[in-house]
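A.B. asks: Here you go, one structure.
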Amino acid sequence: MTASKAKTLSSLFKTAVKKATKESSSLPSGDKPLKQFVLSLDTSSAPSSSPSTSSGSFRIRSPQPTKNPANDGSLQSWLLQPASTSAGPAESSKDIEKMMDNGSSLGRVLNIPWLSNASNYNISFRRKELSRERKQKWVFKKTQSGRFNRLIKMCGDKLGTKATIEFFDKMGRDTGLKEYNALIAVCLEKARTSNDEDDALEHMSEAFKTFKKMRERGFQVEEGTYGPFLMYFIDMGMVEEFFFFCGPIKEGNPSSVTRLGYYEMLLWIGVNNEEKIQELCNCIVAADEEDDFKLKENYLLALCESGRKDIMQLLEVIDITKISSVNVAANIFESLGRLSFDSFAEKFLWTLKNNDYKMADISRVIFSYVSAIPNLAVEDLFLKFKSLHMKFEITPSSASYEKLITYCCDLHKVHFALDIVDQMCEEGLSLSIEMLHSILHASEENYEYNLVRRIYSLIGCHNVKPTRETFRSMINLSVKMKDFNGAYAMLDDLKKLNIPPTSTIYNTILAGYFRESNISGAMMVLKQMESEDVKPDSHTYSYLIANCNCEEDITKYYKAMMAAGIQVTKHIFMALINAYTACGQIEKAKQVVLDKGIPFNSLNEIKGALASALACSGMMPDALNIYKEIKQNGGTLEPKPVISLIEHFTSEGDVNILVQLLEELHDPDYWFDGCCRAVVHCVTNKHLRLALELLKQLKVEFHKDDLALDAVFDEVFSVIAERQPNDLQIGLALLQAMKDELGLTPSRKSLDFLLASCVNAKDLQSSLLIWREYQAAGLHCNVLTFLRMYQALLASGDPKSAKTLLTKIPTEDPHVRCIIKACQMTYVQSTSSKMKKQKVQKKNKTWNTTPMK
């Protein structure tokens with residue numbers, strides 16, 4: 001929501017509050033919850049006009065609120081409604097009743113097919129399948145709360161907050177603090193992202209009503225509840241609403257008073273009110289009481305998180321030993337590192353050391369400090385980390401080392417992370433298996449599969465106890481580097497530890513063999529599974545079916561799967577689509593998506609697989625029809641099918657569809673990939689204007705990543721170099737636009753490809769133009785550039801200039817001499833032969849036309 005819309009919402013909110021307060025005195029006595037709610041949100045809770053007499057304030061002096069705007073009553077009806085009579089209560093109750101009485105109705109309302117299909121779908125089996133899918137790849141964060149929040153969001157979107165609460169009640173689940181907070185978060189997020197003022201106002205109303213319902217049920221107002229409200233007001237610059245809402249917070253939780261100081265400081269920072277910021281800092285400098293210190297700590301924490309340099313005033317008076325937790329101390333030290341306040345950092349470290357602060361906690365704050373120092377290479381960061389520990393005679397803790405390892409992995413410095421692991425082990429510190437998993441994950445993400453050998457050796461040398469997941473991940477990396485012997489060696493070690501291998505581990509090897517088109521290897525895996533009594537699962541059969549090359553094999557594996565009692569999953573459906581398409585059975589592939597056993601929440605994903613398969617088979621119109629059908633039904637396409645549609649987009653298609661497809665990609669990596677492919681399509685089909693528009697978007701999104709932008713242009717110019725000679729003009733036009741409209745300088749590789757295009761086109765003038773571009777870009781010509789220009793001059797029919805250039809090319813390297821000779825044979829001798837042939841033809845013509853005497 002824009003700032004202007006936030007102001008409008010602020011005005012409506014203030015007006016509604018004023019009316020709500022005025023009418024609270026006239027409420028009927030029988031409606032106690034309503035009366036209590038309105039009174040608890042009374043504006044008297046906000047700071048009074050006289051800061052010196054504001055007893056309810058959470059600061060020494062509270063700011064004077066601004067005057068209320070004109071009264072228009074926009075929020076009055078919502079604020080004055082009891083929770084039990086929110087918008088559409090009768091309809092919501094009826095919907096809930098229908099859902100509880102009829103499973104199919106439940107599916108229609110919630111759009112959750114695993115409930116609507118309960119009669120014909122094995123829920124227990126589905127749970128196992130989902131569990132197996134989660135184990136396919138290591139996840140480095142707790143996902144339980146994330147899954148719950150997604151469920152709450154889905155219900156909130158479909159039913160609204162009140163109906164969702166009633167739904168939980170009827171399902172026998174008490175609505176607790178977690179559920180209320182999740183629903184409030186949904187409402188606030190909708191209000192934050194809405195571009196419509198009335199819509200945002202309605203979502204805020206739902207959030208307030210949910211807050212009211214919490215208080216009616218006796219829940220204490222904790223930070224997890226009030227924090228999102230206050231951050232919303234801060235982000236929208238709604239100052240008066242902020243202090244208004246602090247009233248019921250203090251009433252419902254008096255212990256939150258000092259914590260509110262943190263949010264107040266963020267508020268003034270957010271609205272750039274330097275006077276208020278300085279006022280808060282000045283008025284607590286001399287305060288020594290315990291409550292005042294907690295307030296001081298929260299002010300300091302807000303200043304640190306905002307990255308402001310005016311924290312020195314508080315740093316001078318803060319007693320670092322009284323900081324309430326090591327997390328807060330770590331935030332303070334992180335700010336010291338970010339601002340390069342080295343003297344304060346060392347002063348505080350000496351204070352902590354001399355006051356018997358826990359060594360592990362000091363090690364933790366040292367890491368927080370050094371990891372925030374700007375422009376510090378990982379190697380230098382580690383040296384700083386070690387030197388500070390030595391200076392203060394602190395032994396680095398395992399937790400600090402692991403944070404350092406995670407830091408290295410995040411920066412793709414996996415080799416250095418393993419060096420740190422070695423040092424940890426040398427110092428006798430224990431290494432958690434979870435940390436090794438994170439290194440394995442980083443190795444896969446960075447395509448450094450060969451590091452698995454070093455990690456495997458490290459496990460053996462330092463007596464780290466691996467788990468089944470450790471072996472799965474290591475075997476996966478070995479397979480990806482095509483080291484199947486290494487993978488089987490790990491599999492043997494797994495058995496020696498009395499850890500039985502699972503189908504998931506065998507599936508990893510099976511998939512690797514299929515990627516290499518090694519069918520015999522894949523069949524060997526099946527035999528090993530049988531000898532080890534490991535039952536194939538749905539993923540096993542999905543690999544087998546997807547790699548079938550005839551319809552008979554598809555039928556064979558499908559029947560075997562059904563005979564084994566394995567139910568059809570989405571992976572099987574997608575495998576069937578790919579297999580039928582590969583066999584040329586397009587109609588049967590289309591019939592797969594009509595199967596009634598497909599769970600509704602997987603239908604779009606399976607349709608996306610069909611669209612991708614059709615696109616790969618050259619049936620782009622049919623693929624786009626499926627995409628349009630998904631969009632018409634309100635669905636979205638998964639990233640991979642979108643990329644496939646862009647990649648196989650035909651020259652006859654409407655290029656505007658490319659733009660629509662790109663809008664489906666929200667992940668930055670997928671969007672970058674899709675946009676690059678779209679640019680290549682536009683250039684090769686001479687849609688230069690759209691290509692430039694997409695390149696401008698790429699520049700905006702990746703303005704800090706010059707290498708990524710260079711890679712895009714390198715790819716585009718390489719495609720031009722591979723095409724017909726007349727495409728050279730497109731390349732030259734793109735080069736000019738790259739400089740004039742995008743303000744970019746071409747890379748050496750891009751110019752090399754353009755020069756190759758000049759060779760293909762035998763265009764002397766363009767070759768000379770590109771030669772000057774090297775100089776304009778500040779690129780010194782290397783041997784390869786000289787050779788390419790030499791080739792261009794010969795191909796363009798300028799042997800004299802080529803001979804002059806040849807004197808500048810070093811010929812010590814035999815490969816260089818070989819290329820020169822090849823160029824001369826291709827262009828000089830062929831030209832000479834052509835001239836001789838023309839001379840002979842001319843002579844013959846003259847002889848034939850000479851009259852006989």
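The values are calculated or read from the model by the stated rules, or taken from the named source; none is laboratory data. Remember, it's a predicted structure, so these values are computed and weren't measured experimentally. Every residue, glycine among them, receives a Cβ derived from its backbone with ideal geometry; neighbour counts consider all protein chains shown. Please note that ligands, DNA and RNA were not included when accessible areas were found on the heavy atoms of the full protein model with its side chains. Shrake-Rupley method; radii C 1.70, N 1.55, O 1.52, S 1.80 Å.
A.B. asks: Which count do you get for residues in the stretch 449-481 that are of a type outside the set (Ser, Thr, Tyr) and open to solvent by 40 Å² or more (accessible area, probe 1.4 Å)?
C.D. replies: The initial filter retains those residues of the stretch 449-481 that are of a type outside the set (Ser, Thr, Tyr), namely 450-455, 458-466, 468-469, 471-472, 474-477, 479-481.
If we keep only those that are open to solvent by 40 Å² or more (accessible area, probe 1.4 Å) as well, we get 450, 453-454, 460-463, 465, 468, 480-481.
So the answer is 11.
A.B. asks: Yes or no: residue 511 under 27 Å from residue 405 (Cα atoms) and open to solvent by less than 20 Å² (accessible area, probe 1.4 Å)? Even if it seems obvious, please write down each step before you answer.
C.D. replies: Values: under 27 Å from residue 405 (Cα atoms): no; open to solvent by less than 20 Å² (accessible area, probe 1.4 Å): yes.
No, not satisfied.
A.B. asks: Would you mind stating whether residue 499 is within 20 Å of residue 537 (Cα to Cα) and either acidic (Asp, Glu) or at pLDDT 95 or above (or both)? Can you show your working first?
C.D. replies: On the way: within 20 Å of residue 537 (Cα to Cα): yes; either acidic (Asp, Glu) or at pLDDT 95 or above (or both): no.
Here the answer is no, as residue 499 does not meet what is asked.
A.B. asks: Return the residue satisfying two criteria in turn: it lies in the stretch 414-430 and is part of a loop (DSSP other than H, G, I, E, B) and open to solvent by less than 70 Å² (accessible area, probe 1.4 Å), and of such residues it is farthest from residue 403 (Cα to Cα).
C.D. replies: Step one: of the stretch 414-430, the residues part of a loop (DSSP other than H, G, I, E, B) are 427-430.
Filter once more, so that each one left must be open to solvent by less than 70 Å² (accessible area, probe 1.4 Å): 428-429.
Numbers: 428: 17, 429: 14 Å.
The extreme case among them is 428.
A.B. asks: Restricting to the stretch 438-448, name every residue that is open to solvent by 10 Å² or more (accessible area, probe 1.4 Å) and closer than 24 Å to residue 503 by Cα. I'd like the intermediate steps shown before the answer.
C.D. replies: First pass over the stretch 438-448, keeping only residues open to solvent by 10 Å² or more (accessible area, probe 1.4 Å): 438, 441, 444-448.
Residues satisfying the conditions are 438, 441, 444, 445.
A.B. asks: Looking only at helices (runs of 4 or more DSSP H) that fall completely inside the stretch 268-374, which ones have 2 or more residues that are over 30 Å from residue 232 (Cβ atoms), without any contact (Cβ under 8 Å) to a residue 12 or more places away in the chain and not hydroxyl-bearing (Ser, Thr, Tyr)? Step through it out loud before you land on a result.
C.D. replies: On the way: elements: 274-284, 290-305, 312-315, 326-338, 342-354, 359-371.
Qualifying helices (runs of 4 or more DSSP H): 342-354.
A.B. asks: Only residues that are open to solvent by 30 Å² or more (accessible area, probe 1.4 Å), aromatic (Phe, Trp, Tyr) and within 24 Å of residue 534 (Cα to Cα): list them for the stretch 558-589, please.
C.D. replies: Result: 558, single match.
A.B. asks: Given the structure, is residue 333 more than 26 Å from residue 268 (Cα to Cα) and under 36 Å from the mean Cα position of the chain (by Cα)?
C.D. replies: Numbers: more than 26 Å from residue 268 (Cα to Cα): no; under 36 Å from the mean Cα position of the chain (by Cα): yes.
It is false that residue 333 is more than 26 Å from residue 268 (Cα to Cα) and under 36 Å from the mean Cα position of the chain (by Cα).
A.B. asks: Can you tell me which residues in the stretch 379-413 are open to solvent by 50 Å² or more (accessible area, probe 1.4 Å), closer than 21 Å to residue 353 by Cβ and aliphatic (A, V, I, L, M)? It would help to see each step written out before you state the result.
C.D. replies: Of the stretch 379-413, the ones open to solvent by 50 Å² or more (accessible area, probe 1.4 Å) are 379-380, 383-384, 387, 390-391, 393, 395, 399, 403, 406-407, 410-413.
So of that shortlist, the ones also closer than 21 Å to residue 353 by Cβ come out as 383-384, 387, 390-391, 393, 395, 399, 403.
383, 390, 399, listed by residue number.
A.B. asks: To continue, here is another question. State all residues of the stretch 598-655 that are under 20 Å from residue 694 (Cα atoms), in a loop (DSSP other than H, G, I, E, B) and open to solvent by 30 Å² or more (accessible area, probe 1.4 Å); if no residue qualifies, say none.
C.D. replies: Residues satisfying the conditions are 648, 650, 651, 652, 654.
A.B. asks: Is there a residue being more than 30 Å from residue 456 (Cβ to Cβ) and among the basic types (Lys, Arg) anywhere in the stretch 541-559?
C.D. replies: yes
A.B. asks: So in the stretch 354-378, with the set limited to residues that are open to solvent by 80 Å² or more (accessible area, probe 1.4 Å) and out of contact with any helix residue (DSSP H, G or I) (no Cβ under 6 Å at 6 or more places or on another chain), which one is nearest to residue 338 (Cα to Cα)? Spell out the reasoning first.
C.D. replies: The initial filter retains those residues of the stretch 354-378 that are open to solvent by 80 Å² or more (accessible area, probe 1.4 Å), namely 354-356, 358-359, 375.
Filter once more, so that each one left must be out of contact with any helix residue (DSSP H, G or I) (no Cβ under 6 Å at 6 or more places or on another chain): 354, 356, 358-359, 375.
Values: 354: 25, 356: 26, 358: 24, 359: 23, 375: 10 Å.
Once the filter is applied, the top-ranked residue is 375.
A.B. asks: Could you please find all residues in the stretch 761-772 being surrounded by fewer than 19 Cβ atoms within 10 Å (Cβ to Cβ) and part of a helix (DSSP H, G or I)? Lay out the reasoning, then the answer.
C.D. replies: So in the stretch 761-772, the residues surrounded by fewer than 19 Cβ atoms within 10 Å (Cβ to Cβ) come out as 762, 764-765, 768-769, 772.
Answer for the stretch 761-772, where residues must be surrounded by fewer than 19 Cβ atoms within 10 Å (Cβ to Cβ) and part of a helix (DSSP H, G or I): 764, 765, 768, 769, 772.
A.B. asks: Moving on. Among the residues in the stretch 445-454, are any over 30 Å from residue 567 (Cα atoms), aliphatic (A, V, I, L, M) and not in a loop (DSSP other than H, G, I, E, B)?
C.D. replies: Initially, the stretch 445-454 is screened for residues over 30 Å from residue 567 (Cα atoms), giving 445-454.
If we keep only those that are aliphatic (A, V, I, L, M) as well, we get 451-452.
Narrowing further to those that are not in a loop (DSSP other than H, G, I, E, B): 451-452.
Yes: the stretch 445-454 contains one or more residues that are over 30 Å from residue 567 (Cα atoms), aliphatic (A, V, I, L, M) and not in a loop (DSSP other than H, G, I, E, B).
A.B. asks: Within the set of pairs 6 or more residues apart or between chains, which connect a residue that is under 18 Å from residue 771 (Cβ atoms) inside the stretch 802-827 to a residue that is at pLDDT below 90 and aromatic (Phe, Trp, Tyr) with Cβ atoms less than 9 Å apart?
C.D. replies: That search, which allows pairs on different chains as well, returns 802/827.
Listed here are the residues, each with its yes/no results for (1) assigned to a helix (DSSP H, G or I); (2) surrounded by fewer than 21 Cβ atoms within 10 Å (Cβ to Cβ); (3) at pLDDT 85 or above; (4) touching a strand residue (DSSP E or B) at 6+ places or on another chain (Cβ under 9 Å).
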{"residue": "180", "(1), (2), (3), (4)": "yes, no, no, no"}
{"residue": "192", "(1), (2), (3), (4)": "yes, yes, yes, no"}
{"residue": "220", "(1), (2), (3), (4)": "no, yes, no, no"}
{"residue": "224", "(1), (2), (3), (4)": "yes, yes, yes, no"}
{"residue": "229", "(1), (2), (3), (4)": "yes, no, yes, no"}
{"residue": "232", "(1), (2), (3), (4)": "yes, no, yes, no"}
{"residue": "240", "(1), (2), (3), (4)": "yes, no, yes, no"}
{"residue": "245", "(1), (2), (3), (4)": "yes, no, yes, no"}
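A.B. asks: Could you tell me whether any residue of the stretch 482-503 is within 21 Å of residue 414 (Cβ to Cβ), surrounded by fewer than 17 Cβ atoms within 10 Å (Cβ to Cβ) and not aromatic (Phe, Trp, Tyr)?
C.D. replies: Step one: list which residues in the stretch 482-503 are within 21 Å of residue 414 (Cβ to Cβ), which gives 482-483, 486-487, 490.
From what's left, surrounded by fewer than 17 Cβ atoms within 10 Å (Cβ to Cβ): 482.
The next check asks that each one be not aromatic (Phe, Trp, Tyr); those that pass are 482.
Looking for residues that are within 21 Å of residue 414 (Cβ to Cβ), surrounded by fewer than 17 Cβ atoms within 10 Å (Cβ to Cβ) and not aromatic (Phe, Trp, Tyr), one finds at least one in the stretch 482-503, hence yes.
A.B. asks: Continuing with this model, one more query. Only residues that are of a type in the set (Asp, Glu) and open to solvent by 80 Å² or more (accessible area, probe 1.4 Å): list them for the stretch 795-812, please. Explain how you work it out, then say what you get.
C.D. replies: Keep residues of the stretch 795-812 that are of a type in the set (Asp, Glu), which gives 798, 812.
Passing the criteria: only 812.
A.B. asks: Can you pull out the helices (runs of 4 or more DSSP H) entirely within the stretch 482-543 that have at least 1 residues that are closer than 18 Å to residue 561 by Cα?
C.D. replies: On the way: elements: 484-496, 503-515, 519-531.
The helices (runs of 4 or more DSSP H) meeting that bar are 503-515, 519-531.
A.B. asks: Next question. So, in the stretch 536-557, how many residues would count as being open to solvent by less than 60 Å² (accessible area, probe 1.4 Å) and either under 23 Å from residue 587 (Cβ atoms) or hydroxyl-bearing (Ser, Thr, Tyr) (or both)?
C.D. replies: Our first condition is that a residue be open to solvent by less than 60 Å² (accessible area, probe 1.4 Å); within the stretch 536-557, this holds for 536-542, 544-546, 548, 550-551, 553-555, 557.
Now drop any that are not either under 23 Å from residue 587 (Cβ atoms) or hydroxyl-bearing (Ser, Thr, Tyr) (or both), which leaves 538, 540-542, 544-546, 548, 550-551, 553-555, 557.
Matching residues across the stretch 536-557 total 14.
A.B. asks: Every residue in the stretch 738-753 that is more than 14 Å from residue 771 (Cα to Cα) and open to solvent by 10 Å² or more (accessible area, probe 1.4 Å), please.
C.D. replies: Within the stretch 738-753, the subset more than 14 Å from residue 771 (Cα to Cα) is 738-745.
Those that are more than 14 Å from residue 771 (Cα to Cα) and open to solvent by 10 Å² or more (accessible area, probe 1.4 Å): 739, 740, 741, 743, 744, 745.
A.B. asks: State all residues of the stretch 546-582 that are in a loop (DSSP other than H, G, I, E, B) and in contact with an Asp or Glu (Cβ under 7 Å, 6 or more places away or on another chain); if no residue qualifies, say none. Please lay out each step first, then the result.
C.D. replies: As a first pass, look at the stretch 546-582 and keep what is in a loop (DSSP other than H, G, I, E, B): 547-550, 564-569.
Result: 566, 569.
A.B. asks: Could you list, in sequence order, all residues of the stretch 813-827 that are in a helix (DSSP H, G or I) and loosely packed, with under 13 Cβ neighbours inside 10 Å? Step through it out loud before you land on a result.
C.D. replies: Let us first name the residues in the stretch 813-827 that are in a helix (DSSP H, G or I), namely 814-827.
Matches in the stretch 813-827: 814, 815, 817, 818, 821, 822, 825.
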